[in-house]
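The values are calculated or read from the model by the stated rules, or taken from the named source; none is laboratory data. Keep in mind it's a predicted model, so treat the numbers as computed, not measured. No Cβ is skipped: glycine too gets one built from the backbone with ideal geometry, and neighbour counts run over all protein chains shown. What goes into the accessible areas is simple: the full protein's heavy atoms, side chains included, and nothing from ligands, DNA or RNA. Shrake-Rupley method; radii C 1.70, N 1.55, O 1.52, S 1.80 Å.
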Amino acid sequence: MAAPTQVEEYRLGRTHRLSPEPPPRGRRKLAGKTAIAILLGLAIVTGSLAGLTLVYSTDLPQIDDLERYRPSTTTDLYDLKGRVIGSFALQRRLVVNYDGFAPVLRQAVISIEDKTFETHGGINFFRIWGAAWHDLRSHGRAQGASTLTMQLARNLFLSADRTAVRKFQEAYLAIQIERSFTKQQIFTLYGNQIYLGSGMYGFEAASQFYFSKHAKDLTLTEAALLAGLPKGPVAYSPILYPEKALRRRNLVLSEMESDGAITHAEADRARQMPLGLHIAQPEGSVAPWFQEEVRRELEKRFGTEEVHEAGLRVDTTLDLDLQKTANQAVEDGLAAYERRHGWKGKLENVLTQGTTLEDFRHPDWALQSHPGDYVHVLVTRVLPLEIHARMGADELILEPEDWKWTGQRYADALVRPGDVIYVHLADAMEGSAHRATLEQDSGVQGAMMAIDNTNGDVLAMVGGRDYATSVFNRATQAERQTGSSFKPYVYTAAIEDGAKPDDIIVDGPVSFGSYTPHNYENDYKGAMTLTNAFAESRNIPALKLAARVGIHKVIEVAHRFGVTSNIPAYLPVALGAVEISLQEQVASYSVFPNDGIRVKPRLIRKVSNADGITLWEDAPQVNEVISQQTARTMMSLLRAVTAHGTGAAAAQLKHPVGGKTGTTSDYTDAWFLGFSPSVTCGVWVGFDSRESLGEKETGAKAALPIWMAIMKQAIIGKDSEQFLGDQDDHQPPLLKAEAHPPAAPGTISKPITAPYTASGRAPLSTATGSAHPTPSHATAATSAAVHAVPLPLSKPAPQPKKLTSTVKPVASPLLKPALPPPPASTKPRPQVKPALNSQPMN
């Protein structure tokens, strides 16, 4: 064979190079398996990720819902004129828009929390890998990797558990949020949602709390301080840990400098600045007991979460002006009582309890105080002619004229360092110290309630002396003996039974079995009209009337008026030996100026949601209790009380008013219940311990001055108002004192005398001759003559349907009166006190 030519050799070589020899068959199989394995792995990973996404995103919220998201906001309460009086919130938050955050604040937050906020899509992968590497090296989870968007997702939708599942869900939601919202919208949501310590949520609420200014007005140092709080609201709290908060703030400044947001000179100057806190001390609610009653009613109707988080608007019945007057009137009235009884000096001393002067905090100091307030303060230093005290961080000084009423000349005879004293803040200052007058807090309490007669609106409510030290509401939760303020129920029953205001009744000695009652003054006035007997609050006539109509009838009338107490059926109940709440008493008394109609007290007029949609509206609930004729007859008696009776001081108001005093055995309770044509108001004064208020501390002395101070405000602008009866008759009823009408010799008067039984109808009789029988030493002939001729009886008035009250009574001991004992079926309450006739009620 011929040797190949060069061309053939070239062709053979090129062919060899272009068609290499195929690899061995084993290598081809290995490569195929590897490719399949890689593809399978990728499929597994992809499927797993898809599965995990499906599993862990199933229960996640839809991001579309975020467009309708409303952060938890406060529920605001408004008075009847649209003025804010208080709020409810689990989270104190004030929502603002993007421009409500100062630019320096936005930059500070981005520098310390998320430098790539403006560019990432919800997740910063480099930061995640860096944080993971840091965590592996440090064997912990010390490094965070969440972006602002991830933090927002966690705060809105997820728990704080630091688990891989939660992190996965957080990242998933962050991506969805970034796809649906702009950066400005995301920052706005974040800035309103984040927790910043001390119960504050969002930068606006925190700014107002820490610096007493809006978030849009923050300076560089203030913005840096707030920007450092999200990492650890408690750990870096400027209140709890100011040094740590300062270091954290300076770190924020350094990060801003490194980002070029501020210059080195600006950062250096800011780092030298103090924290500059200006904590906004919260204002106390002007009506704390009223607000608490509203909260209970709202939570019962809407639930706790809705009330505290939904940002409701609650239009209440409160009159802010009248409430402020009532607050001051109760405090002033109790202070006047304290001064009448002199300095007792029983003061708590914190040093004897192991507390230092620096560490002591009184509940009164939690709220901001103003001149005119009564507060507890701590004595820090005592000189013969000066008392130095502390109220939180504020200093006070008292001088001799400030304690002159105590009768002591020198301060060191009154107080010592460590004593907690009660003072009345004055407007004046002594240098940087506040001036104040020394008062006393012996434990006496007061309560009041005022309602609008026409619709039952509760216009004002005071449940005690100091809400900071006792939240117990004595206007609604306490039941106390009523004394003579119960007598209107007795007289109403008698009028329905046919009695007339000018009927004559004998105020003389009488016995009911072994029960021998007395008048408050321990004297007798003989024959007198029912009007005068009621106006002067005579006990004997009230008992005779109750015995005449039957004590069961009196109890039925009281229950018809809305009294829910379990009243035992025995005669001394007619003098107020029964416990009733102030709220029930006020509602009952409003029946008289309302022409016999009872309107249920209400606290709330309307509740609306954040969009202004009305959720609930409370309409007045009315019931007819007594006839118009009976109501107007009772009005003549009640107005006589304030014209010339035990409440005659009320005539100083020079306005149509009526009412009734009440004083219980041993002066443990003092009442005044009264009304104008438009407002009914009740006042109670007493000790929680049921100790005596002191000799002659009657309803007219302890409670009536408070009532008058409140009613002066209630009648402003109502000079022309009249009672319903006055409008119909075009003339006011007789208000002047009626002289006891002497009976002409040989004529027959109609005195109402003692019954023989404590229940059922008793005989009435008249006496021949004088209408003024001899008091305690009356002769047997006179006594016999009194039972001679029965008084004609008119047909009893029809009884309206019985009122069903929704007010729940509060269990408390009932004072057990003297003989006659209650029926066997009645179980008297525990803690029996001495007999009623040991100290007559008034």
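Summary table
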| read-out | value |
| --- | --- |
| Tabulated pairs, segment 406-420, first touching a residue at least 60 places away in the same chain (Cβ under 8 Å) and open to solvent by 20 Å² or more (accessible area, probe 1.4 Å), second part of a loop (DSSP other than H, G, I, E, B) and aromatic (Phe, Trp, Tyr), C-beta under 8 angstrom, 6+ apart or interchain | THR406/TRP343; GLY407/TRP343; GLN408/TRP343 |
| Residue match in segment 440-463 (condition: of a type in the set (Val, Ile, Thr) and open to solvent by 60 Å² or more (accessible area, probe 1.4 Å)) | yes |
| Residue in segment 535-550 that is closer than 22 Å to LEU724 by Cβ and open to solvent by less than 10 Å² (accessible area, probe 1.4 Å) present | yes |
| Strands (runs of 3 or more DSSP E) wholly inside segment 597-679 containing at least 1 residues that are crowded, with 17+ Cβ neighbours inside 10 Å | 597-599, 604-608, 622-624, 658-663, 669-675 |
| Residue in segment 214-259 that is farthest from the chain's Cα centre (by Cα), counting only those that are surrounded by fewer than 16 Cβ atoms within 10 Å (Cβ to Cβ) and in a loop (DSSP other than H, G, I, E, B) | ASP259 |
| Filter result for LYS701 (of a type in the set (D, E, K, R), farther than 18 Å from THR476 by Cβ and open to solvent by less than 10 Å² (accessible area, probe 1.4 Å)) | no |
| Members of segment 195-239 found to be within 15 Å of LEU251 (Cα to Cα) and not small (Gly, Ala, Ser), listed by number | LEU220, THR221, GLU222, LEU225, LEU226, LEU229, PRO230, LYS231, TYR236, PRO238 |
| So VAL557, is it open to solvent by less than 40 Å² (accessible area, probe 1.4 Å) and in a loop (DSSP other than H, G, I, E, B) | no |
| Residue count, segment 533-554 (criterion: over 19 Å from GLY498 (Cβ atoms) and assigned to a helix (DSSP H, G or I)) | 3 |
| Meets criteria (touching a residue at least 12 places away in the same chain (Cβ under 8 Å), part of a loop (DSSP other than H, G, I, E, B) and aromatic (Phe, Trp, Tyr)) for TYR491 | no |
| When residues of segment 371-405 are limited to those that are within 19 Å of LEU351 (Cα to Cα) and of a type in the set (Gly, Ala, Ser), the one surrounded by the most Cβ atoms within 10 Å (Cβ to Cβ) | ALA389 |
| Selection count where residues are at pLDDT 95 or above, among the polar types (S, T, N, Q) and closer than 15 Å to GLN151 by Cβ, scope segment 188-237 | 0 |
| The lone exception for GLY717 - which of (1) on the phi < 0 side of the Ramachandran plot; (2) at pLDDT 95 or above it fails | (1) |
| Single condition ASP427 does not satisfy, out of (1) within 27 Å of TRP671 (Cα to Cα); (2) outside any loop (DSSP other than H, G, I, E, B); (3) at pLDDT below 95 | (1) |
